[in-house]
Structures are given as structure tokens and as C-alpha cells.
Amino acid sequence: MFLSVFDMFKVGIGPSSSHTMGPMVAAARFLEVMRASPFNFAGLRASLHGSLAFTGVGHATDRATILGLAGFTPHDYDHQKAEAVLAQIHGTGQIILPDLGTLKFAPKTDMIFDYETKLTGHANGMMLMATDAQGDVTLRETYYSIGGGFVMTEAELASGKGTDEGAPIPFPFKSAAEMLEMADSSGKTIAQMKRANEEARGGAIHLRDGTKRLWQVMNDCINRGLETDGILPGGLNVKRRAKGIHDALLAERGQNHRAPHTINDWMSVYAMAVNEENAAGGQVVTAPTNGAAGVMPATLRYYLDHVPGASQSHIEDFLLTAAAIGGLVKFNASISGAEAGCQAEVGSAAAMSAAGLCAVMGGSPAQIENAAEIALEHHLGMTCDPVRGLVQVPCIERNGLGAIKAVSAASLALRGDGTHLVPLDACIETMRQTGADMSEKYKETSLGGLAVNVPNC
């Protein structure tokens, strides 16, 4: 099993990796299928199903799908250009692509929210269609956005999750138990094993430059969030708070009356800054998802800014260790809120962050595994119930609390010798089972929980 650090962490746009980035990626993939087809096409159509339908407006799923069909992709997204193209599509009812010509697409009729038809592969399902001059569908593909910006066709999903293409890797662990066994037999850290795997596929330079960019985007996102105030879009009138909290924390520096627990506010404000940027549709890094994008940058920024002896040279080890844990969670359970609730998003992010922090603070592989397990265990059962389908309430604060849990988990693990009762593998399997048992009301549909008990207008 191999999931690259660049699969787990992808530069993209808010507010959601599964509901915004994924549909945009799916649409871009569909264009490639059209280009390879011998047919001539005259129009496009799209239908959203399951969670993509129920919370699609709040997550801008319709907008992302349309822009994807217009040729936009998350990694090089140009906001100003996108706004202009979107206005043109709404005004003319046409999508113009240089290699595919002018295609009919009226957003009000060709962008379908299908609340009744449930696609069987995953809660985040969508169908993309190309039509002929008579309006008949001549090409159709079903896509599933499975969390973290990952997209699979119906056929790919049916073929099995264990498929892996590429050069052999030296440490192909599929479970935490295998990871610890390989670490013990090789004498390597988790980061060293993950680095060897990455270099086997992409080379050392690609890894070095790529991880530098990931942290740069993460850190820039924190800084933008700490400098920006105002009201978040979407209609809930949620006020940005990160800037005000950060300004207050800076003003309190050097004062003797500060309470020790103020450090929790620093962790929270870093995370909230990221998730406010995400909610505003800004550039973020999936870690492992957009909804949980603040936990890991906040934990790493906490380490760099507040831990004595912290070093920038440890950033790559943090990211590699976190990616190793995230890969185990994704492979054996889920990182999708629509599939397993928020335990799969913020819970996974906290486990990954706890592991990364434990690693850069000198933890052994056993202590790192323990840190990840503690963080995930104490998110089990957490629901995903966003008010009005927006990645704002409870998501923004939840990332702050996730970062605090990650730091606490790493600290507890470092106080021990790595031995503990509940293995990480058992915790991951418990999360999978809990997600399967969880009512759909609590899996990113906004049909239960806070979403129906909090006035949203």
C-alpha cells in the first residue's frame, strides 16, 4: 500500500475537499474522457447525489462542478478568471472550451440536485453527462468524491482499494502493526521509512521541494487568516475571530498575569485562521481534508513558535510521519465526513498531527503510534452536522480543539514508553465500524444535529 505525502496533502481551494475540490477534479477528468471519445458533443449535464446534493449549495459543489467542466482545476485555480467565466456561463448558457467547442449548459436546468436517487458506491456521488445536438446523453460517467480531494469512477471503486501502480517501495506497510514491525527490524524511524518510499516513487528533489511548498501554503494560510477580519460568506453571518484573538494574544505577551492555559488559545487561533480562510474559499492544503485543514498546520506552527529547541529542519519529518498515519486511516477506514462523520476528518487530522509532533519531539515509533491512537480514540463517534451545509459551524472551532487534542496526545505518549492497551489498528477499525453504524443524518447531510437545532438564518 502506498499513498504519497502529496496524495494526503494537496494544495486546493475551500470550502471542502470532498464537496468542492473533488467535484472539480471529477469534472476535469470527464473532459479528458470527452476528448478521447470519437463522438461529437453539443452539451453537458451534471447531477449530484447523496451528501453532494444535500449540502452541495453550502459547499459550492454546483459552482465547483461547473468550473471543472469549464476547464478549471484546484491546484492552479485563478479566482478572478473563474468569476468571469462563471458569469459568462450563467449569462449565455454555454461553456466554451478550445478543444471541445461550444457546449450547451444552462446552470438552472443542467445542474441537477437529485435528493432521491442514491448512488451505491459512496455517499458523495455524481454523474456527468455529455449530450448530442438533440439533447440525448451519448456519454455518461459516475464519479465518487471519497474524501480529501480523492476521486474515483464507479469502475475504479469497484476494482478495489488495494490497487497500487508504480515502482516497488521498500516499506509497504498496510497496518500500524506492520509499520512498527518494519521500523523495529530496519532500525528506521517512521519518517525515514516514509521518506524511502517517497523517494522510490518520486525522487529526493521532488520530495524536498514538494514538502517545502506544502508547509509554505499552510503557513501562508495561517498568516492570511490572522490578518483578515469580516463576515464569512454563506448567509450565517459568522464573524471571523482569528484576527481579534491573535491581536489580543500578542498584546498580552510579556504580561505576568497570563494564565498557563493561554497556550491553548494559540493552538486554536492558528487552526481557526486556516479554517476561516477555507470557509471563505481561499487556498488551503487538504490535511487530510479541507474541513480538517486547520489541525495539522496549527500543531506544526505551535511546535515551531512555542516549543523550545524546535527546528525548521524537522518540518519534513513531521509531514512524512503524519502522512504515514493518514495513509493507514484512509486505507483501512475513511477520511470522509460523508462516509464516517467528523471522526474521519478532524479525528484523522488529530491523529496525524499527534504523530507528527511526537516524531519531531523525539518520540520512538511505538510512542508515535500511541500518540496517534490517543488522538483518534478521543474523537470516536464525532458527527458531521454542519449548519446550513457550510464548513463553519461547528467546523472552525472544532479544528482548534482538534489541535489541542493532538498536542495533548503527543505529550501523553511521550510520557510513556510506547506500550498501551488499545492498538492504533483497533482504533482505526472501531472508527470504520462506528462510521458504518452512524445515521446518515450525522454524515455531512445537514439533516440532524446542530444543523437542525440551530437557527440558520
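The values are calculated or read from the model by the stated rules, or taken from the named source; none is laboratory data. Not measured: the values here are computed from a predicted model. Cβ placement follows ideal geometry from the backbone for every residue including glycine, while neighbour counts extend to all protein chains displayed.
Summary table below
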{"item": "Test: residue in the range 384-403 that is more than 22 Å from Lys239 (Cα to Cα), under 21 Å from the mean Cα position of the chain (by Cα) and not hydrophobic (A, V, I, L, M, F, W, C)", "result": "no"}
{"item": "Selected residue (only one of Ala248, Ala204, Ala271 is modelled with pLDDT of 95 or more and farther than 30 Å from Ile368 by Cβ)", "result": "Ala248"}
{"item": "Residue check for Gly166: crowded, with 21+ Cβ neighbours inside 10 Å, in contact (Cβ under 8 Å) with a residue 40 or more places away in the chain and in contact with a Lys or Arg (Cβ under 7 Å, 6 or more places away or on another chain)", "result": "no"}
{"item": "Contacts under 8 angstrom Cβ, first residue in the range 196-208 being within 10 Å of Ser4 (Cα to Cα), partner hydroxyl-bearing (Ser, Thr, Tyr), 6 or more apart", "result": "Glu198/Ser4; Arg201/Ser4; Gly202/Ser4"}
{"item": "Matching residues, the range 88-130, being β-branched (Val, Ile, Thr) and over 11 Å from Ala46 (Cα atoms)", "result": "Ile89, Thr92, Ile95, Ile96, Thr102, Thr117, Thr120"}
{"item": "Filtered residue count, the range 401-448, keeping only those that are closer than 13 Å to Gly381 by Cα and either of a type in the set (A, V, I, L, M, F, W, C) or crowded, with 19+ Cβ neighbours inside 10 Å (or both)", "result": "8"}
{"item": "Hits in the range 66-122 - residues which are β-branched (Val, Ile, Thr), in contact with a Leu (Cβ under 8 Å, 6 or more places away or on another chain) and closer than 22 Å to Thr55 by Cβ", "result": "Ile66, Ile112"}
{"item": "Complete set of residues in the range 211-246 that are assigned to a helix (DSSP H, G or I) and surrounded by 20 or more Cβ atoms within 10 Å (Cβ to Cβ)", "result": "Thr211, Leu214, Trp215, Met218, Cys221, Ile222, Gly225, Leu226, Ala242, His246"}
{"item": "Scan of the range 421-457 for residues that are outside any helix (DSSP H, G or I) and over 23 Å from Lys330 (Cα atoms), ordered by number", "result": "Ser446, Leu447, Gly448, Gly449, Val454, Pro455, Asn456, Cys457"}
{"item": "Listing of helices (runs of 4 or more DSSP H) fully contained in the range 33-131 that carry 3 or more residues being in contact (Cβ under 8 Å) with a residue 40 or more places away in the chain and farther than 20 Å from Gly282 by Cβ", "result": "51-54"}
